Each structure stands twice: as C-alpha cells, then as structure tokens.
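Data first, discussion second: the structure below is written as structure tokens.
The values are calculated or read from the model by the stated rules, or taken from the named source; none is laboratory data. No experiment lies behind these values; they were computed from the predicted model shown. Cβ sites come from the backbone with ideal geometry, for glycine too, and all protein chains shown count toward neighbours.
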Ligand SMILES: Nc1ncnc2c1ncn2[C@@H]1O[C@H](COP(=O)(O)OP(=O)(O)OP(=O)(O)O)[C@@H](O)[C@H]1O
Ligand SMILES: [Mg+2]
C-alpha cells in the first residue's frame, strides 16, 4: 500500500473496561490523512474513552493502535504527544494560576529558551501571541487563565494543542462552551489545519456542525461501533436514528401551562461589573429565554438572582417580596433553584457518588430530630435518577466517572430534588445527546405545567425559540429587547444581540 492510500491511524478491536462498565467493546476506528472524522453517539457511548485511549490517558484491555501502518504503544499522554497526537479534552485542564502563554508552552518551555536554562519570558509571550493569532483567537497571552471566560479558556486549550503541531488533533466537544463567533473562528482553524494535512477527530453533539466541517462520521452506541458513514451520503435524521435507535419527533415537545403571577421581577439590576442593567420578569408556569452572545451577561443575570454574585444596584422582587439572596443556599431556601453551566467546579462534587450529590441540597429537609430518614433519601435519589434517565442508573456510581452528559443530568436532579418554584437554567443541555435533550426539554415542560417559572439561558437559539414563551435579549450586560414566542426567530434575536 502506498503511503498516500494507507490510513494514518488504525485502532483495531479496542476494548476498555471500567469496574462494572464495558466502555469500549472491540471498537475499530480508522483515520485518513487530512480528514475530519467525527465521532458521535449518546451520552456514555464511549466517545471520550476512545479518544482518551488514543491519547494515552487510559490503557486499553485489548486492541492495537497503528500509526502509518506500524503498531505503536501509547502508554502516557507524553508518549501520545511524541507521536504527534494532541487532544483538547471535553473539560480542558489548564493551570488557572499562570498565564495563557505559560499554559500553551507548559512542558515545552525549554525549546524557546535559547539553549540556556533561563526562560525568555518575552519570547514566550511573543510566540504564544503568534500561535493565538494563527489560530484566529482574540486572547491576550499575558492574561492568567483564571481571568478568562469559559469560552476563551476552551480556545486557549485548543491553541495549546495546536502549538504542538500535531499530526492528529482530537477535539472532544470543542464547541459546547463556545458562542457563534468563537465557533466560526474554530471552524476556520480546522479548515486551515486540514488544508496542511492535519487529521482531525471531532466529537460533538451538535449534529449540524458535523455536516459543516466533517468528512466522515463514526457512530458509537453502548461501547460498540455502529457504522461509519460519508457525510455527503447521510442525512441528520438517519444519523439520529443510528445514534439513538429511534426517530426523534417533535424535539421540544409541547406543554399546557397556566401562566400565573409574577414570581420574579428584576429592575435595573447591576453587579457593578459585567452586569449593567437587567430588567425582566418571570411568571408562574412561564419559560423565559435569555439570549445573547458569549459575554453578554446571561450567566451574570442568573448568578445575581441565585445569590452567587453580589447585587450592587437595582431592585429584585422574588415571590412578591423585595429581596436579594446572599448565597445560592439562601436562594434555594426561598425556592429558587440554580443549575450552573460550570458543572465541574460548581455543579457537582466529582468524587462523591451520584446519590450523595443529589442529596447534598435536600438533606436538611430529610432529617427528623437530627436523624436522617434513609427511606426518604432513597426515594428522592431513585426518583431523580429514573426521571432524568441517568445512565447507568446507579446512585452508587462516582459522579466523576459518569459521561459528561450524564453529569449534567445529575446537576439538574440535584436542584430539582428541592422542588424549587423558580428554576434558573444556564446552558442545561450543554454536552447532552439528542435523546437526553428531548428528555430535559420534557422535564422543563412538565415543570412549567406544574406552575414552576423558568429562566433559561442558552446559546442554542433553536432551543430558546422552541421552548420559551418570551425571549429576553442581552447585549453588553444589558437587557435590550424582548420578543414574544410568535415573533421570535434567529434573525430577530441576532439583530438585537449584535445591535447596530
Ligand atoms: N474513569 C471512569 N471510571 C469508570 N467509568 C467510566 C470512567 N470514564 C467513563 N466511564 C464510563 O464509561 C462509559 C463511556 O463514557 P464516555 O465518557 O466515553 O462517554 P461519551 O460517549 O464521551 O459520553 P458524553 O457524550 O456524555 O461525553 C460511561 O458508561 C461512563 O460512565
Ligand atoms: Mg464525552
């Protein structure tokens, strides 16, 4: 076989077993030179595990990896790098306390220190700036990672991987945390890399993306490869059927909710920083969408209602009383549930079991005279795991071992277990598969039908349009417009979000 026709990478019969879970069961995967090969499947299908095996994070129980036709061993991430394999993982790990530039060259610093042991900081910054610019990202390399927004943190992780000049670049859910502008920059980068021969493995739940940048798509289901398809010859509907095993009908479902009294009113609320002026209302049984570009202040609105950030000015009426919760705990006591976008740092205690995570917020309520009512606890946990279809449905599983999408469901379960009357959702379907999305939309509809008011911040416009009764649009920390469900469309929302 000539070098051109020989695949760059072959993974043959890869099996990976975790205690109690066969994450990969004899999976074959082949990557051509200069192709974008997408990997899709439901939450827990094994996508992240497969790319982690390839990048030396997990050793497989069985199987073989060949690069350029030769068998290789990838025992550590360091070995993967030496072989030209770089990964941007689903929850990228950068060191928050140091600068973007230092992160980009972490482990590679000596190369640019002119042969001596002294690091030339200026050269480091300049070089990082070059990398960031060549990627098309607008990030200051001197900034500390801790000061970056979630989206810029993801882009910085991409730049770090690109700086290694990989033969194979793996992107695991790169766009889940990005807005439209950032996604465009990333796609531009992918196209430039492919043009110079880099091969890309691209994992995403946003199926429409695959059709924009993918060449082939491999579908995984329950740790097995279902099929590999050419993007040109498969439709999105067929793809969903391969992934989920059934057709998805009306994704957003419907609801018959009675819209009642106002339960939240924000009047010119400001946090003295990003949030300049938020004015909006939410009523019982109503789903209010919050739209806006990345950085427009959607998360800040939710945080200020949830007591997760300070309110400096303005007034807030919650359940008819003028008050501002001082902490998420106090908000929860009032009946305000907050589902954060940052499940890794704020949403879950990763090394606790699923059951304990769900219990943390409700435990005080389940104690009588200082004694925990265990039967009640089990009921709360089991109801939550089954109504959210957490997979695997095992309350004793360590949360950090769940797939990304299933972690998201546990965060939701934890808040809903408190029976809040106002629910604040920040990107609730980030990293969630199509089937589970439909389930979460169902939960939102049922909550609204039971009289709960919902404020939904999302960067997925179809989701906002499909679910909301009204959509409030933010720009530059300010609520600038409001659209009724009937008049909302992507163009109208974007026009207000961009302004001018
Ligand atoms: N470190 C681990 N320990 C134990 N089990 C794990 C671990 N990592 C993953 N698993 C399990 O392996 C299976 C595959 O998980 P994986 O993270 O690969 O799914 P995924 O396809 O990436 O899903 P998602 O779309 O939610 O990110 C899941 O059942 C998961 O719970
Ligand atoms: Mg994953």
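Let me spell it out: the conditions are (1) surrounded by fewer than 18 Cβ atoms within 10 Å (Cβ to Cβ); (2) in contact with a strand residue (DSSP E or B) (Cβ under 7 Å, 6 or more places away or on another chain); (3) part of a helix (DSSP H, G or I), and residue 239 meets all of them except one. Which number is the exception? Only one criterion is unmet by residue 239, namely (1). Among the criteria (1) in contact with a helix residue (DSSP H, G or I) (Cβ under 9 Å, 6 or more places away or on another chain); (2) under 26 Å from residue 223 (Cα atoms); (3) in contact (Cβ under 8 Å) with a residue 12 or more places away in the chain, the one residue 401 does not fulfil is (1). Note on the stretch 460-474: residues that are over 10 Å from residue 289 (Cα atoms) and crowded, with 20+ Cβ neighbours inside 10 Å amount to 1. Cβ-Cβ under 6 Å, sequence separation 6+ or interchain: first residue in the stretch 201-230 and farther than 18 Å from residue 431 by Cβ, partner within 12 Å of ligand 1 (Cβ to nearest atom) and not in a strand (DSSP E or B). Which pairs? Sorted first by the residue in the stretch 201-230, then by its partner, the pairs are 223/46.
Inside the stretch 299-317, can you point out the residues that are under 20 Å from residue 447 (Cβ atoms) and either touching a helix residue (DSSP H, G or I) at 6+ places or on another chain (Cβ under 6 Å) or at pLDDT below 95 (or both)?
Scanning the stretch 299-317 gives a single hit, 306.
Of all residues in the stretch 419-439, those that are more than 16 Å from ligand 2 (Cβ to nearest atom) and over 19 Å from residue 306 (Cβ atoms) total 2. Summed over the stretch 254-272, residues that are farther than 16 Å from residue 306 by Cα and either assigned to a loop (DSSP other than H, G, I, E, B) or out of contact with any strand residue (DSSP E or B) (no Cβ under 7 Å at 6 or more places or on another chain) (or both) total 9.
Count of the stretch 415-456 residues, restricted to those that are out of contact with any strand residue (DSSP E or B) (no Cβ under 8 Å at 6 or more places or on another chain) and either crowded, with 24+ Cβ neighbours inside 10 Å or part of a loop (DSSP other than H, G, I, E, B) (or both), is 10. Scanning the stretch 78-112 for residues that are surrounded by fewer than 17 Cβ atoms within 10 Å (Cβ to Cβ) and within 16 Å of ligand 1 (Cβ to nearest atom) turns up just one, 93. Scanning the stretch 321-348 for residues that are under 25 Å from residue 399 (Cβ atoms) and part of a helix (DSSP H, G or I) yields a total of 11. Taken over the stretch 58-82, the criterion of being out of contact with any helix residue (DSSP H, G or I) (no Cβ under 6 Å at 6 or more places or on another chain), part of a loop (DSSP other than H, G, I, E, B) and either without any contact (Cβ under 8 Å) to a residue 40 or more places away in the chain or in the same structural domain as residue 347 (by TED's automatic domain parsing) (or both) is satisfied by 59, 73, 75, 76.
Applying the criterion of being under 16 Å from residue 318 (Cα atoms) and in contact with a helix residue (DSSP H, G or I) (Cβ under 7 Å, 6 or more places away or on another chain) to the residues of the stretch 267-285, the residue that is surrounded by the most Cβ atoms within 10 Å (Cβ to Cβ) is 278. Per this entry, residue 400 is counted among residues that are closer than 17 Å to residue 350 by Cβ, within 16 Å of ligand 2 (Cβ to nearest atom), not assigned by TED's automatic domain parsing to the domain that holds residue 223 and not in a loop (DSSP other than H, G, I, E, B).
In the stretch 462-479, what residues are farther than 19 Å from residue 300 by Cα and modelled with pLDDT under 95? Answer for the stretch 462-479, where residues must be farther than 19 Å from residue 300 by Cα and modelled with pLDDT under 95: 462, 463, 465, 466. Does residue 166 satisfy being within 24 Å of residue 181 (Cα to Cα), in contact with a strand residue (DSSP E or B) (Cβ under 7 Å, 6 or more places away or on another chain) and assigned to a loop (DSSP other than H, G, I, E, B)? No: the conditions fail for residue 166. Could you go through the stretch 217-226 and let me know if any residue there is away from ligand 1 (no atom under 16 Å from the Cβ) and touching a helix residue (DSSP H, G or I) at 6+ places or on another chain (Cβ under 9 Å). Looking for residues that are away from ligand 1 (no atom under 16 Å from the Cβ) and touching a helix residue (DSSP H, G or I) at 6+ places or on another chain (Cβ under 9 Å), one finds none in the stretch 217-226, hence no.
A quick yes/no check of all residues on (1) within 16 Å of ligand 2 (Cβ to nearest atom); (2) outside the structural domain of residue 22 (by TED's automatic domain parsing); (3) assigned to a helix (DSSP H, G or I):
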{"position": "186", "(1), (2), (3)": "no, no, yes"}
{"position": "189", "(1), (2), (3)": "no, no, yes"}
{"position": "194", "(1), (2), (3)": "no, no, yes"}
{"position": "197", "(1), (2), (3)": "no, no, no"}
{"position": "201", "(1), (2), (3)": "yes, no, no"}
{"position": "220", "(1), (2), (3)": "yes, no, no"}
{"position": "226", "(1), (2), (3)": "no, no, no"}
{"position": "232", "(1), (2), (3)": "no, no, yes"}
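Of all the residues in the stretch 430-454, those that are on the phi > 0 side of the Ramachandran plot and either modelled with pLDDT under 85 or within 16 Å of ligand 1 (Cβ to nearest atom) (or both) number 1.
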